[in-house]
Amino acid sequence: MANNTKQPLLSRIATNDGHGENIPYFHGWYAYERNPFHPTQNPNGVIQMGLAENQLCFDLITKWIKENPEASICTPEGVNEFKEIAIFQDYHGLTYFREAVAKFMGKVRGNRVTFDPARIVMSGGATGANETIMFCLADPDDAFLVPSPYYAAFDRDLRWRTRAQIVPVNCSSSNGFRLTRTAVEEAYKEALESNINVKGLLLTNPSNPLGITLDRETLKALVTFVNEKNIHLVCDEIYSATAFTAQRFVSVAEVMQEVEHCNPDLIHIIYSLSKDLGLPGFRVGIVYSYNDTVVSCARKMSSFGLVSSQSQHFLAALLSDEKFIDNFLLESSKRLAKRYHFLTEGLKEAGVFYLESNAGLFFWMDLRPLLKEQTFDAELELWRVIVDEVKLNVSPGSSFHGLEPGWFRVCFAHMDDETAKVALNRIQAFVQTGNGTTEASPLASLVESTKKISHAAQTPSPYSS
Ligand SMILES: Cc1ncc(COP(=O)(O)O)c(C=O)c1O
């Protein structure tokens, strides 16, 4: 028998660090899990502001569930469907589920575009959908351009098992982190010069972590760009229904119709019910491609990440209730706006700067004036103080591959009003104590030693304080 003692016992994927669970983004979650805030049982615990969950409308969903018991197969009213649903295993999914999702996707985009149920491919959340689309479009070592700062888990979702690469397109505070065609072109050119095979551009619109939407003209310019270069455009539109101001969300599905000679084979949308409906536990992700071969390939791959037929059955009923959905979308965006304004107005009063958002479940807070020096080490030092002493788990910008130290993502939609008030008080006290306006705190020395760095010394801000 051959001696295989030199052969590694496990695969390269099993033994590499591609999952990325060691980054501070996840460490903050552990700090919260060890000591979670509770208003009465643990009022000095850590408040979780590092989780992009939308829990502001659960009352509406639970009310609907009670009023529609036949939608669930585990109720006396719905149990007649139990056997059919329990044995269902076609990887195309339930026809009426795909129809309901297609309709919902159109509704979220103001019915300005329609979606074909035949192109709806299921996946395990947008996490699975993003990996699936990468498997369809990129070979190992091929690259996708991704505007930075970007969603921390893209390093895992787009790269780990596919072995594709990410080439960041750096956005900066000098223009309010707006993505431009010029920045994309430069990153593309540099990648080619480094012999990197660029297969496409992946946009998150609305952006995580910035909470801003791409405007129509920029999106048009980017659709034109990918057509000129004959590369793919993947748009992760997971936050599409979270836009909460008059400046509405514009989908690539709308814009591609306005671009002359747009090749639809290059355009793909990633969607999920995790954020817009606030149901990440259901693991409903969607790959919607205008490319027939990609639809067919992604559907075959969907065998590895199907949504359970029980979830499909329930969600089809929920999404098909148009009156409920219309009200839900309206109410959700109102509540998001209210929470966003409550927190950001409070920060403004305390003199804390942030990037003005119009969508998402978070905003991008500027704590550069509190850094001892403008480095990522100093950012992490400040972040540890915020997690350990202020007891707020916000996420440091370095986790999102931002270029400028001192920015933090603050999630605001998965807590109740009372917890939001406590969170705001904590951050106001943290900042103000250093300014000598309240009693000294253990943090005062840190703030004291850094407050000399004035905002005047920073990049001018085109956004609000
Ligand atoms: C931009 C983006 N894409 C994908 C995901 C993953 O979502 P899901 O829970 O549907 O897998 C997230 C989650 O935060 C996200 O922010």
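A few notes on this one:
- For segment 290-298, the count of residues that are over 16 Å from residue 359 (Cα atoms) and within 11 Å of the ligand (Cβ to nearest atom) is zero.
- Restricting segment 273-313 to residues that are hydrophobic (A, V, I, L, M, F, W, C) and out of contact with any strand residue (DSSP E or B) (no Cβ under 7 Å at 6 or more places or on another chain), the residue that is surrounded by the most Cβ atoms within 10 Å (Cβ to Cβ) is 277.
- For segment 203-246, the set of residues classified as within 13 Å of the ligand (Cβ to nearest atom) and touching a Cys at 6+ places or on another chain (Cβ under 7 Å) consists of 203, 205, listed by residue number.
- Breaking point among (1) of a type in the set (Ser, Thr, Tyr); (2) within 27 Å of the chain's Cα centre (by Cα); (3) more than 16 Å from the ligand (Cβ to nearest atom), for residue 75: (2)
- Residues in segment 28-64 that are among the β-branched types (Val, Ile, Thr), under 26 Å from the mean Cα position of the chain (by Cα) and farther than 12 Å from residue 416 by Cα: 46, 61, 62.
- Taken across segment 42-56, residues that are in contact with a His (Cβ under 9 Å, 6 or more places away or on another chain), within 16 Å of the ligand (Cβ to nearest atom) and not in a loop (DSSP other than H, G, I, E, B) do occur, with at least one present.
- Pairs with Cβ under 6 Å, 6+ apart, first in segment 154-179 and at positive phi, second modelled with pLDDT of 95 or more and surrounded by 16 or more Cβ atoms within 10 Å (Cβ to Cβ): 177/171; 177/210
- Taken residue by residue, segment 65-72 has at least one member that is among the small types (Gly, Ala, Ser) and assigned to a helix (DSSP H, G or I).
- Unique residue being in the same structural domain as residue 131 (by TED's automatic domain parsing), among the acidic types (Asp, Glu), at pLDDT 95 or above and more than 16 Å from the ligand (Cβ to nearest atom) when the list is 265, 276: 265
- Matching entry among 227, 291 (being touching an Asp or Glu at 6+ places or on another chain (Cβ under 6 Å) and more than 30 Å from residue 336 (Cα to Cα)): 291
The values are calculated or read from the model by the stated rules, or taken from the named source; none is laboratory data. The structure displayed is predicted, hence computed values, not measured ones. FYI the Cβ positions are ideal-geometry reconstructions off the backbone, even for glycines, and counts take in every protein chain you see.
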